[in-house]
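Structure first, commentary second.
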Amino acid sequence: MRKKGRNRRSVSSSDEDKRIRRRGANSSEDRKYYSDEEDKAAGFKRQRGDSGDGYGGRRSRNSEVIKPGLNGPLLSYKSFMDLQENPISMKDAEKYYAEYKNAHDRKQSEIFFQVHKGEHWFQEKYHPKLMYKYNQEQIKQSQALCKKFNESLENDGFKGILLENQESFEQVQDNSQPELEKKDNEENNDISSAPLFGFDANKNTLYLKLIPTHISRWELLDAVHPTPGFLGLSMSEPLKTQDFVRYAWVTYDTDENCQKSKAILEKVSMPNFDLNPVISISTTHKKVKVTPLLNKGCFDRDRKASKELIKVFDAQRLIEDNKMFDQEEKRDVKEQLDIQLLYLRRVHAFCYYCCEEYEDERMLASKCGPNHVRLMKIDNQPTPESKDLDEGEVYDENAPTLFEQNNMEKIQKIIDAGPQKMTDPMDDEELTEERTSYCRRKTKKLNVDR
């Protein structure tokens, strides 16, 4: 004779399973028993020897692994194990959780793509045609900056440049990278003048805030480009915490033109958005970044390497007839080196000592600081390395330090790789082949009766 309690329990469990399947299993209360078809759709592949449930042939037919749905947030390993009603070995548990995690990442990437694929920031970042268009805009910008840099150089605009410090510094640790920062009471107030010629984030700059996703870079550029004294437009990455809005900075050649352009742009209105420009005023000032202690041999090594870098980046940005080397023999090694390092920052947004390239100098300054200078030892001052020498050993002040060795390896890789030019998507053979293949797959022959 059957026990009524057992029958009721069986029916209740079956109803609960159906309810869970309908609800979608996005939490520990909404669980989901993955079928073989659901595994395949979610990206879980049956391995050789798996049973019909898709989760390992060693389990009985009634034994199942419970996995949460993919639309909700990612569960921790502990929460994943709390869902399980049957015992699982540690090896299998790690395997199933890794499969769930990979499938969840793929699903979330797909959801993110579907939600944002129509927004301008997303298309500018990933659409081949818009990427190429932005690359062409960067080329024009670099060519204009190169021309301006050479004009300043001819007019002794960088007289007194010295990207070096021999004063007392205080060592600090930042992101496991040795870094030195100058003491607050010794900071130079005018960072954009001699001897550092650093980037001033507020100088002759208009600030545009909360640019919505329906406004493209090109619409904004069309609005600000005709204003007098326009030099460049810089845009931030979309802010995930603020519905992917962006900020923008418009730079001008003089303060007078900046003020005139502000009055002009105040009257400009775009679809569901007013520019409302304001004069850029930053309350925080990044400190000048300083390298670890370098040896005297760095001057000639870095001058030669930075010159090769300039040739690579100039070729990449189609810059010809660069006149910055015309008077090279009239300058000493240190001055020529500093001019080349400044050129890399201003024209190509590349920091030599960080070995990092950015979209523009503003983005470079936000990550690296207004400038990056080297730290040299004061004459006759012992170095940490020289103190550790055994008796009779001589410290070689021309030998590269560990920092220099690592930096030169990165620099040499860029030089060896050569100019990285972007191809027009319409001329790209690989993209053309994929486009042709896609068209063939989607083309169907129609039988039309005459």
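Just so you know, all these numbers are worked out from the coordinates, no wet-lab data involved. Computed from a prediction, not measured in an experiment: that's the story for all the values here. All Cβ positions, glycine included, derive from the backbone under ideal geometry; neighbour counts span all protein chains shown.
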Problem - Highest to lowest packing among 399-408, 141-150, scored as the average C-beta count within 10 Å - result: 141-150, 399-408
Handout entry: Karplus-derived 3J(HN,Hα), 6.51/-1.76/1.60, for each residue of the stretch 412-421, Hz, glycine and proline x
Key = 5, 4, 5, 5, 5, 5, x, x, 9, 9
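If we count every other residue with Cβ under 14 angstrom of Arg331's Cβ, Lys/Arg +1 and Asp/Glu -1, where does the sum land?
For residues surrounding Arg331, the net value is -3.
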Exercise for the section: Taking the Cβ of Met131 as the centre, find all other residues whose Cβ is under 9 Å away and add up their charges (Lys, Arg: +1; Asp, Glu: -1). Expected result: +2
Exercise for the section: Evaluate the distance, in nm, between pseudo-label points positioned 7 Å from the Cα of Thr213 and of Lys377 along their respective Cα→Cβ axes. Expected result: 5.6
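Highest mean first, how do 191-201, 252-262 rank when packing is the count of other Cβ atoms within 10 Å averaged over residues? The partial results should precede the final answer.
Details: 191-201: 19.0, 252-262: 16.4.
Output ranking for 191-201, 252-262: 191-201, 252-262.
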Practice task
Take each of the peptides 105-117, 152-164, average the number of other beta-carbon atoms within 10 Å over its residues, and list them starting from the highest.
Solution key: 152-164, 105-117
Exercise for the section: Over all directions, average the projected area of the Cα convex hull of the stretch 202-281 and note it in nm². Expected result: 4.9
Handout entry: Per-residue HN-Hα couplings for the stretch 117-129 [Karplus 6.51, -1.76, 1.60; θ = phi - 60°; Hz; x = Gly/Pro]
Key = 4, x, 7, 5, 4, 5, 5, 5, 7, 10, 6, x, 5
